[in-house]
1. N64: net charge of surrounding residues, Cβ under 14 Å, Lys/Arg +1, Asp/Glu -1, itself excluded?
2. Taking 45 Å as R0, compute the FRET efficiency from the Cβ-Cβ separation of T112 and N66 and round it to 0.05.
3. Can you tell me which of 115-123, 14-22 comes out highest on packing, and rank the rest after it, using the mean Cβ neighbours within 10 Å?
4. Take every Cα-Cα distance within the stretch 1-129, group them into 10 Å bins from 0 onward, and report for each bin the whole-number percent of pairs it holds.
5. Between E54 and S123, how many nm apart are label points set 7 Å from Cα along the C-beta direction?
6. Give the calculated FRET efficiency between V85 and Y12 to the nearest 0.05, with a Förster radius of 30 Å applied to their Cβ-Cβ distance.
7. Working from the pairwise distances between different alpha carbons, so that the mean of 1/r is found and then inverted, what is the stretch 109-174's Kirkwood radius in Å?
8. If you take the beta carbon distance between F2 and N136 as r and set R0 to 41 Å, what does 1/(1 + (r/R0)^6) give as a FRET efficiency, to the nearest 0.05?
Amino acid sequence: GFNWTPNNTGNYNLTVIVGSNISIHNETISVISPGDLTANVNVPSLIENDTQTEINITITNNGNYNITATFPVNITITNASGTVVYNNIADIGGLNAGENTTLTFNWATNNTGNYTITAFVDSNYTIDELNENDNNITQNITVIPVPKPNLKTVGNITTSAPIYNNTQTEINLTITNN
């Protein structure tokens, strides 16, 4: 026997030669990838400033084999001018074929405007995959100002009884937010 460690996926032609170029066996073998990772971002497209927002990144192994190695997931948020305003990395300790896992990141900003969220699975290319080009996804979001209340009183102050000195009295006032 012999040992061979392929460096890349794909089809290889294996030929057994005996003596002086006498071929006794010829076969094509396939070297397959352990998996194929993809990501999906789930976040509201409109969020309010000064409000903590959950960003959920779902990572799926669409390949036919389990991934046992640990790989990173990088989430980056940039503002409209391209400046990175948030960056975080989490490690996933493997993922079975056909399964997914969800990471949750929390983010809040004081500023309104347009932002882009990018999730990059296996950002350091630890895992040899069927398709390395589907490892990142972007989603645009808009941060809007928190609505300010418009409080108004309706009607008059009312009491359930006369108001007496040194006696607790219930006072009623209706307030609306228009």
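None of the figures in this text is laboratory data; all of them are computed from the coordinates on show. These numbers come from a predicted model, not from an experiment. Glycine also receives a Cβ, built like all others from the backbone with ideal geometry; neighbour counts cover every protein chain displayed.
1. On the way: positive: none; negative: D36, E99, D128, E129.
Neighbourhood net charge equals -4.
2. So, using R0 = 45 Å, E works out to roughly 0.55.
3. Working: 115-123: 19.8, 14-22: 8.2.
Final packing ranking: 115-123, 14-22.
4. 11, 31, 22, 16, 10, 6, 3, 1
5. That separation, rounded to one decimal, is 2.2 nm.
6. On the way: r = 47 Å, r/R0 = 1.56.
E between V85 and Y12, to the nearest 0.05, is 0.05.
7. Working: mean 1/r = 0.0539 Å⁻¹.
With all distinct Cα pairs of the stretch 109-174 included, I get 18.6 Å.
8. On the way: r = 39 Å, r/R0 = 0.95.
Step by step, r from the Cβ atoms, then E = 0.55.
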